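Below is one structure, written out as structure tokens; comments come after it.
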Protein chains: 2
Amino acid sequence: MPPLRIIPLGGLGEIGRNMMLIEYEEDIIVVDVGLMFPEEEMLGVDLVIPDFTYLRENAGRLRAVFLTHGHEDHVGALPYFLREFSAPIYSSRLTDGLIRVKLNEHRLLDKSETVVVEPGEVIKAGVFEVEFFPVAHSIPDACGLIIRTPLGPIVHTGDFKLDHTPVMNQSTDLIRLAQVGAEGCLLLLADSTYAEVEGYTPSEQLVGDALRNIVVNAPGRVIIATFASLISRVQQVVDAAVFAGRKVFVTGRSMIDNVAMARQLGYLNAPDGVIVGVEEMRNTPLNKLVVVTTGSQGEPTSALTRMANGNHRHIQIQEGDTVALSASPIPGNEQAVYRNVDNLFRLGADVLYNRVANIHVRGHASREELKILQGVLQPEYFVPIHGEYRHLVVHARLAEAVGVPEGNAFVLTDGDVLEIDEKEARLGDKVPASYVYVDGLGIGDVDQHLLRDRAHLSTDGVVVVIASVDKQTGKLERSPDILSRGFIDVEEHEELLERSKRVVEGALGGGEHRAELGDIEVRVRDALSKFLYDETRRRPMVLTVTVEV
Amino acid sequence: MPPLRIIPLGGLGEIGRNMMLIEYEEDIIVVDVGLMFPEEEMLGVDLVIPDFTYLRENAGRLRAVFLTHGHEDHVGALPYFLREFSAPIYSSRLTDGLIRVKLNEHRLLDKSETVVVEPGEVIKAGVFEVEFFPVAHSIPDACGLIIRTPLGPIVHTGDFKLDHTPVMNQSTDLIRLAQVGAEGCLLLLADSTYAEVEGYTPSEQLVGDALRNIVVNAPGRVIIATFASLISRVQQVVDAAVFAGRKVFVTGRSMIDNVAMARQLGYLNAPDGVIVGVEEMRNTPLNKLVVVTTGSQGEPTSALTRMANGNHRHIQIQEGDTVALSASPIPGNEQAVYRNVDNLFRLGADVLYNRVANIHVRGHASREELKILQGVLQPEYFVPIHGEYRHLVVHARLAEAVGVPEGNAFVLTDGDVLEIDEKEARLGDKVPASYVYVDGLGIGDVDQHLLRDRAHLSTDGVVVVIASVDKQTGKLERSPDILSRGFIDVEEHEELLERSKRVVEGALGGGEHRAELGDIEVRVRDALSKFLYDETRRRPMVLTVTVEV
């Protein structure tokens, strides 16, 4: 029997452009097509998508795409995927609603076949049969997948936690999982994001209680920032507002869009008249108002950041306001988040945030929950997914400690191929899985070389030298032009620029014979770089242009 | 009676270039002269120092400098300070040792007057009398100051925590503080770094026990990374190694220097033969070895980062190694720290770090400790120091909640002046307190304008256009030259460059009359920027140079 092949194309990283291929003979299915936000050193990059090279070479075998839930790191690269590939896209109702909005924006909706799947429903895709099961996570309608293969069932958890008192009644379906466990689970693929964290992730219910206390007790206006996709949290805020007799005003483009979509699909229930527009908001006393806003991650153009900077169109922060950040900073966003907190305090607001108030819980399972998952499934093989490399390692160890046979937990990195047959599992040859950078309209054309240049430019700026040389003799015709940006305050350093010109002249004057222009440019660049470093201890990028006159 | 003036020149921020002036009539004293490491958006900046403008204008009144402890954020700007100012510098023995090493490197030792002060000793400086008292912190010989003024005593805690079982027997001197409290404390200035954290900061003793367990039980080599200045932690490692019969090898330049200095001054005790050199390290079995290294913050050129990248000269990480990061990532360093953790795992090491092991405690007091401080001092006025703005706010609230009269806790920001007289305290006119950037040899010459240019360059690179125009007619003489860096892969986009040249020609061709060169350059720049944005959705910095031929 040929092997089953498991190929993660992304998923390393806290927000890791999740994408996985599962392959058996002539059939390939895809689980998730996510994007990743650029890390600090990916200068100027807008976003990062998975590497489709292997799939491109095997496009004829692609049978279907399954999406576990609607977060960007699981569905965000679909618009790029669908420019090249065509296959039915299966997901739950809310996920489908979210991706249809996105595909519409990219004018890809007509060309796409998206299909809504109910939990329990089974989809045939080539040799595979895929069943969706509900999981608790920080977005409604999140699902895991039971994927039946010729070698046995695979369980893919998507992002999940166990929440016995979830807001919208969606717990992780342990009964269904235990049935698969009873049957014999071949392979478990499970969320590792919180594999470092001891104990249990607290229930959403705690957050609901805390938010209600804030809304009831705040002396004035309450402003609550959270993720636009965290519809259940918005529901909790609406419930608290109703309880306290307050109106709700929604601001921030993605929050407005998602609230509208969620109300339309029935995922957000607000009594008539509770959610109000700008006019009514203006006529409501501050202590009868709750504002729900984007910006919990300190995004520069978000509504909360505009409030913190004092330039939101409708809301001026003032003494008496209570601002609650119902979110934790995603790693990398801390500076931006806390800058907002500081600025809101400066404007006189009382600010509640993760370090001083329990008004957020995360959507991922902690160690004790991961053990329960292992317990109900008792898989033969285990592959930790979603998380940084260290999360995968500690999750693999956890699995082996609670029953996965030693050697059967595989820590895969992007592009690894795990081949499972009836006898064993082993690593096959890797497939390409680079970071593919999207920058403006360019996809994949920003490479390490370009990023190194950007890093160099960012550190000490650029100096451009224009040397006009005689066509015949190669001699400098006049004093060279030098201009710079980001290097030094030119007006304060005129003398340095004058001496730089002498250095350029010196570098050019040396040769008696007509040298190649390329050689001249290198000579000038090296001499000037050295001079500028000696004088300033800075290393601007020096560009030399020789113009023949 | 004239007012006492309290002027923080720095101190906002987690690592905040701490510096404070205390002024009464003709006398000014300085507490700490620290530096700050640049934040993400301070591109290319090496470090940030306090703004000395006000002191420059009042240099004749400067009486003395007092340093609370030897960390960079409290003493790091001294070399810049001493280029301009001259005053005796008082500090404890280890702090003095550390700054003398630094001043020697900067060739400033001859010009400096540094004085070692013992706890309890009183220094007269103008109208002030300053007494050092010991505090527990993450470096030995840390002190707070009791500053007697004509209006009453001020207590400045420096960085501190309460640790009842410290490693080197240095607890915070609560008895001395209670005596000041009994006398009547005019003003308390207290460390706010941990003012968000409930409860108590655990004792260093816990870390000692945990490290000993690791060193005793690890199957092979143990590598422990920590701050080079955290001498007490190094002592704990040495103690654990002695207990387990292991040798200690020290690596990383600043760790080697600090260990040597600490041994010389008697702050680090190791039995003969325990600390070994490279040769003996090579001849020691791995399970009889402990390596102490720098790099706990993921610093790019540190010893631990070199190990994680597989290019340390003496130490190749292998299966069986245990690496312990005995430090928490300072905000902003998380990515670099966790990249090392991931890479060490990839090389086969077992890695223990803050999220999975209790092998670090921080050096700052948590909320319950801050309350005790308030309790023993019962100050009339309170100013929270050291920390981000939000830390100061929550610390001020804590103080008012436990007894500081309402309205007497002042949240100051850099450059604020708090004036205290016999009747009241109020804010006076601000003094200059900008960030002063050090970049290479330049001090203060990098401004927002330059940083904006660097940010622009870092995002989409630079495009340089050289247009050779006829001196008489202003007409383009030949096809323009265009070069770029960090914008786009030129070889893959030749066609775009060709079309860019047409755009430049178009922009130049329009004018019949001889236009000003400046106008031409603006016209070319605008046209090309627009064209490139339309084509690529990127906004490189476009520089235009017109050469007359």
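If you filter the range A:194-222 down to residues that are of a type in the set (Asp, Glu) and open to solvent by less than 20 Å² (accessible area, probe 1.4 Å), you find that the one that is farthest from residue A:359 (Cα to Cα) is A:196.
Could you check, for the range A:163-176, whether at least one of its residues is in a strand (DSSP E or B) and not hydroxyl-bearing (Ser, Thr, Tyr)? No - not one qualifying residue is present in the range A:163-176.
Considering each of B:519, B:445, B:526, B:453 in turn, give the residue that is assigned to a helix (DSSP H, G or I) and at the interface with chain A (Cβ under 8 Å from one of its Cβ atoms).
Working: B:519 fails: at the interface with chain A (Cβ under 8 Å from one of its Cβ atoms); B:445 fails: assigned to a helix (DSSP H, G or I); B:526 fails: at the interface with chain A (Cβ under 8 Å from one of its Cβ atoms).
Exactly one residue qualifies, and that residue is B:453.
As a summary of the residue check, residue B:134 satisfies the conditions (1) surrounded by fewer than 24 Cβ atoms within 10 Å (Cβ to Cβ); (2) at pLDDT below 95; (3) within 29 Å of residue B:236 (Cβ to Cβ) except for the one numbered (2).
Kindly provide the set of residues from the range A:10-34 that are at pLDDT 95 or above and among the aliphatic types (A, V, I, L, M), ordered by number. Listed by number, the residues that qualify are A:19, A:20, A:21, A:22, A:28, A:29, A:30, A:31, A:33. Would you be able to say whether some residue in the range B:6-22 is under 22 Å from residue B:427 (Cα atoms) and among the acidic types (Asp, Glu)? Among the residues of the range B:6-22, not one is under 22 Å from residue B:427 (Cα atoms) and among the acidic types (Asp, Glu), which makes the answer no. Taking the range A:14-57 as the range and being within 14 Å of chain B (Cβ to nearest Cβ), surrounded by 22 or more Cβ atoms within 10 Å (Cβ to Cβ) and of a type outside the set (A, V, I, L, M, F, W, C) as the test, the residues that pass are A:16, A:44. Contact map, the range B:447-475: residues that are within 28 Å of residue B:41 (Cα to Cα) paired with residues that are acidic (Asp, Glu) and part of a loop (DSSP other than H, G, I, E, B), Cβ distance under 9 Å, separation 6+ or inter-chain. Pairs shown: B:447/A:489; B:449/A:489; B:450/A:489; B:451/B:41; B:455/B:41.
Would you be able to say whether some residue in the range A:105-116 is in the same structural domain as residue A:38 (by TED's automatic domain parsing), over 19 Å from the mean Cα position of the chain (by Cα), under 29 Å from residue A:183 (Cα atoms) and crowded, with 20+ Cβ neighbours inside 10 Å? Checking the range A:105-116: not a single residue is in the same structural domain as residue A:38 (by TED's automatic domain parsing), over 19 Å from the mean Cα position of the chain (by Cα), under 29 Å from residue A:183 (Cα atoms) and crowded, with 20+ Cβ neighbours inside 10 Å.
Residues of the range B:400-442 that are farther than 25 Å from residue B:386 by Cβ and within 14 Å of another protein chain (Cβ to nearest Cβ): B:439, B:440, B:441, B:442. Of all residues in the range B:457-486, those that are buried (at least 18 other Cβ atoms within 10 Å of the Cβ) and either within 7 Å of another protein chain (Cβ to nearest Cβ) or part of a strand (DSSP E or B) (or both) total 19.
Screening residue B:498 against (1) more than 43 Å from the chain's Cα centre (by Cα); (2) on the phi > 0 side of the Ramachandran plot leaves a single unmet condition, (2).
Only one of the listed residues (A:187, A:206) is more than 24 Å from residue A:18 (Cα to Cα) and touching a residue at least 40 places away in the same chain (Cβ under 8 Å). That residue is A:206.
The values are calculated or read from the model by the stated rules, or taken from the named source; none is laboratory data. Keep in mind that what you see is a predicted model, and the values were worked out from it rather than measured. Please note: Cβ atoms are built from the backbone with ideal geometry, for glycine as well, and neighbour counts cover all protein chains shown. Heads up: the accessible areas ignore ligands, DNA and RNA and are worked out on the full protein's heavy atoms, side chains in. Shrake-Rupley method; radii C 1.70, N 1.55, O 1.52, S 1.80 Å.
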